[in-house]
């Protein structure tokens with residue numbers, strides 16, 4: 001503590017019980033995390049100071065941005081030093097000609113797009129939490145978002161990162177000019193969930209705002225017809241900017257919040273957005289309408305920017321809106337082949353019925369990224385084992401059709417123990433060795449992502465998620 | 001109104017009273033998604049969880065559900081909340097943050113042995129005393145005996161013209177501090193209402209403070225007696241028009257707080273003055289074109305935008321007479337927050353700095369804000385700021 005106050009002004013190092021308990025959780029369902037000293041650095045050197053001090057005292061270090069993660073990646077275990085980046089929120093530089101900006105990791109995703117709007121540029125990855133999540137967190141989880149279908153996820157938009165390693169050294173991985181010789185260490189780092197070091201600056205690629213956008217709301221009587229339309233659009237050679245799907249339960253919850261005129265009697269709606277040059281956009285939109293109507297869909301076109309914003313507000317507030325129905329949710333994140341979407345969704349409905357739970361589905365249909373949300377009230381006795389059993393069954397069902405564990409939320413604590421379902425021992429060992437190459441000490445965000453036994457270096461890791469952490 | 005009326009937030013007589021008196025269902029309704037964070041002025045300027053709605057709710061849970069101590073960190077987390085309620089429209093789960101914060105403030109107020117605010121706010125319920133003190137303050141200001149800027153005080157007039165009623169089509173609620181310090185605003189509002197053909201009734205000395213400041217400070221007994229008096233002074237069925245956003249928000253929530261049919265019927269009659277004018281726009285005089293070159297930025301007071309959800313009517317009425325530009329900060333609070341600017345001057349100033357940047361970016365000549373707290377707070381930072389209807393009144397007068 002005293003040593004931390006040598007590297008940071010004392011008002012930016014906190015130990016009050018309240019402060020530490022607030023840092024104990026993020027937006028996931030994990031409770032019971034416990035932070036050690038909480039630090040608010042404003043620059044790279046201060047982060048280096050925090051890491052140095054933690055290392056000398058044998059403490060682990062957990063980075064935290066806005067705390068909107070859904071996999072428990074920022075939940076501190078065993079009182080580590082928590083490094084909060086929210087005060088590192090400056091836009092460091094913008095090169096509009098090269099379409100590159102350097103930002104600090106605590107900058108909010110949407111603030112970056114707002115700040116670059118005068119140049120006609122934006123940051124393409126747009127997680128549903130973009131109005132609050134931090135860019136450092138986006139790098140940590142390799143975050144996605146509706147508009148990543150055409151533009152690619154965070155990794156495609158990060159040219160370079162400045163990282164403070166656990167040795168205290170600051171290094172730059174990648175190159176803001178676009179390519180770096182040698183191995184793509186930047187590529188290895190993006191998505192490493194805080195296990196390789198702490199991001200202190202990011203060179204992001206900026207994307208020109210499209211000259212024309214057309215947003216369509218397609219409504220269907222069956223989930224199957226909606227899923228088939230999604231597949232048909234992609235098969236037709238169209239790559240829309242976004243294809244999002246919502247099932248009836250979530251349509252009704254969201255409509256109660258935004259009042260955007262979502263059809264509450266539809267079994268599923270699909271939001272399709274096409275962008276580009278005006279001529280192409282009109283043609284693609286017409287083709288999407290044709291494909292949808294051929295499958296029994298009804299179509300509404302957003303007439304103006306206001307209507308378009310309202311549709312997206314509905315989509316992006318879906319996760320929070322469910323609390324109108326139940327006080328807690330467990331949001332899953334698996335990816336399945338697009339052609340198997342309807343099949344897996346029907347399986348999800350069955351699983352939920354078997355465990356006597358409720359589910360809502362709202363997801364990135366274009367890339368098969370499912371987000372089933374299990375609704376529950378944690379005050380109900382005996383509910384948690386059912387929620388976890390259903391969650392595990394959903395993961396197994398997704399993997400069974402050739403899917404993967406996570407699309408964009410990350411592994412964190414949530415999916416850690418499911419990793420062996422997807423990766424062999426050799427795969428896991430290779431990942432553990434890669435991590436160790438960056439952090440030989442294993443003190444950077446320990447006990448996350450890689451299950452125990454993945455490597456003998458994980459001597460600090462816990463056998464299992466500690467009691468009381470699963471809420 | 002009987003003396004048995006109890007504020008909803010008080011939860012008197014419930015068998016096992018939770019430590020903070022917050023409705024357990026309300027407290028359970030937050031899913032910690034964090035979408036409120038960027039809409040919270042104190043989170044925006046600090047970047048710290050304890051200064052965010054999500055953090056404050058977690059802190060309330062720690063105390064009420066898990067028995068954590070009400071310590072300095074907890075108090076600071078609660079007392080630094082501006083109670084702007086900008087988090088409420090941002091919350092997809094519809095968490096009633098204002099209601100939970102009011103319950104917490106009420107509980108904390110009961111624990112305080114001495115609360116200067118209790119005495120300060122008591123003055124607000126005595127219009128004559130308030131007027132007398134205001135005149136003394138006005139003289140002291142001119143003798144430079146009062147550090148006005150530091151206390152967040154506006155220049156207080158030495159003398160004010162009396163307002164006279166002109167009919168009974170609508171009530172104009174005049175309030176306490178605003179009537180004592182900014183009666184010129186009421187004069188302008190009354191002038192615009194009359195130009196729209198309405199005869200204006202005034203509550204006179206019978207009504208005073210609506211109880212907003214007491215409510216936000218958790219002084220529930222005091223709030224109750226002020227509310228009873230206000231309802232009595234504004235009898236009948238005419239619409240009650242309010243030109244102060246903070247007062248309007250509380251008057252509209254009397255029904256919710258008291259739960260009686262009388263209070264609900266009273267709240268039904270309350271309208272922000274811009275709501276009424278926008279609905280009667282066809283009765284407003286048309287403006288000469290020459291004034292359109294004045295650019296006005298609308299700063300929505302929180303209790304107008306987030307609580308009353310009256311955002312469009314102000315712009316609708318103003319844009320008949322001047323060119324209106326929007327601020328690009330999504331209606332973030334200016335930091336005034338009733339007595340907040342005086343109680344938390346540092347945070348209030350940091351929050352205001354963000355607002356000043358947004359005003360600068362808008363390129364407006366003048367800022368319009370329909371709440372006395374906001375106009376005083378912004379004017380103290382050198383912003384040219386007026387009540388929207390003062391601007392409208394001037395154009396109408398100019399055009400004759």
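Worth a mention:
For every residue, the table says whether it meets (1) surrounded by fewer than 20 Cβ atoms within 10 Å (Cβ to Cβ); (2) within 14 Å of chain B (Cβ to nearest Cβ).
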| site | (1), (2) |
| --- | --- |
| A:307 | yes, no |
| A:319 | no, yes |
| A:323 | no, yes |
| A:333 | no, no |
| A:339 | yes, no |
| A:350 | yes, no |
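- Every residue from segment B:45-57 that is at the interface with chain A (Cβ under 7 Å from one of its Cβ atoms) and assigned to a helix (DSSP H, G or I): B:49, B:50, B:55
- Of the residues making up segment A:22-37, those that are within 9 Å of chain B (Cβ to nearest Cβ) and in contact with a helix residue (DSSP H, G or I) (Cβ under 6 Å, 6 or more places away or on another chain) number 1.
- Among the residues of segment A:317-357, just one is in contact with a strand residue (DSSP E or B) (Cβ under 8 Å, 6 or more places away or on another chain), within 22 Å of residue A:219 (Cβ to Cβ) and not in a helix (DSSP H, G or I), namely A:325.
- Selected residue [within 30 Å of residue B:200 (Cα to Cα) and in the same structural domain as residue B:192 (by TED's automatic domain parsing)] from B:269, B:309, B:305: B:269
- If you go through segment A:112-128 and pick out every residue that is closer than 25 Å to residue A:27 by Cα, within 11 Å of chain B (Cβ to nearest Cβ) and surrounded by fewer than 21 Cβ atoms within 10 Å (Cβ to Cβ), you end up with 1.
- Scanning segment A:26-51 for residues that are under 22 Å from residue B:37 (Cα atoms) and surrounded by 23 or more Cβ atoms within 10 Å (Cβ to Cβ) turns up A:26, A:27, A:28, A:29, A:30, A:33, A:35, A:38, A:39, A:40, A:41.
- Restricting B:42, B:19 to those that are more than 8 Å from chain A (Cβ to nearest Cβ) and either surrounded by fewer than 20 Cβ atoms within 10 Å (Cβ to Cβ) or over 19 Å from the mean Cα position of the chain (by Cα) (or both) reduces the list to B:19.
- Taken together, the residues in segment A:86-95 that are in contact (Cβ under 8 Å) with a residue 60 or more places away in the chain and either surrounded by 24 or more Cβ atoms within 10 Å (Cβ to Cβ) or farther than 14 Å from residue A:203 by Cβ (or both) amount to 2.
- Condition check for residue B:60: within 14 Å of chain A (Cβ to nearest Cβ) and free of Cβ contacts under 8 Å to residues at least 40 places away in the same chain: no
- Taken over segment A:77-103, the criterion of being under 13 Å from residue A:42 (Cα atoms) and away from every other protein chain (no Cβ under 11 Å) is satisfied by A:83, A:90, A:91, A:92, A:103.
Residues checked against (1) out of contact with any strand residue (DSSP E or B) (no Cβ under 6 Å at 6 or more places or on another chain); (2) under 20 Å from residue A:106 (Cα atoms):
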residue: A:31; (1), (2): yes, no
residue: A:41; (1), (2): yes, yes
residue: A:47; (1), (2): no, yes
residue: A:53; (1), (2): yes, no
residue: A:58; (1), (2): yes, no
residue: A:67; (1), (2): yes, yes
residue: A:72; (1), (2): no, yes
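- Any hit, segment B:321-342, residues being out of contact with any helix residue (DSSP H, G or I) (no Cβ under 9 Å at 6 or more places or on another chain) and assigned to a helix (DSSP H, G or I): no
- Residue count for segment A:133-164, restricted to those that are over 15 Å from residue A:187 (Cα atoms) and modelled with pLDDT of 95 or more: 5
- Looking across segment A:5-16 at every residue that is within 11 Å of chain B (Cβ to nearest Cβ) and part of a loop (DSSP other than H, G, I, E, B), the one that is farthest from residue B:67 (Cα to Cα) is identified as A:15.
- Spans of strands (runs of 3 or more DSSP E) in segment A:159-274 with at least 3 residues crowded, with 22+ Cβ neighbours inside 10 Å: A:198-205, A:212-220, A:242-247
- The one condition in (1) part of a loop (DSSP other than H, G, I, E, B); (2) facing chain B (nearest Cβ under 10 Å) that residue A:19 fails to fulfil: (1)
- Pairs where the first residue, in segment A:194-209, is under 16 Å from residue A:155 (Cα atoms) and the second is surrounded by fewer than 22 Cβ atoms within 10 Å (Cβ to Cβ) and modelled with pLDDT under 95, C-beta under 7 Å, 6+ apart: A:203/A:176; A:207/A:151
- Scanning segment B:25-37 for residues that are in contact (Cβ under 8 Å) with a residue 24 or more places away in the chain and facing chain A (nearest Cβ under 10 Å) gives B:27, B:29, B:30, B:31, B:32, B:33, B:35, B:36.
- Selection within segment B:63-103 - in contact (Cβ under 8 Å) with a residue 24 or more places away in the chain, touching a helix residue (DSSP H, G or I) at 6+ places or on another chain (Cβ under 6 Å), facing another protein chain (nearest Cβ under 9 Å) and within 26 Å of residue A:87 (Cβ to Cβ): B:77, B:90
The values are calculated or read from the model by the stated rules, or taken from the named source; none is laboratory data. In this text, all values refer to a predicted model and were calculated from it rather than measured experimentally. Neighbour counts run over all protein chains shown; Cβ positions are idealised from the backbone, glycine included.
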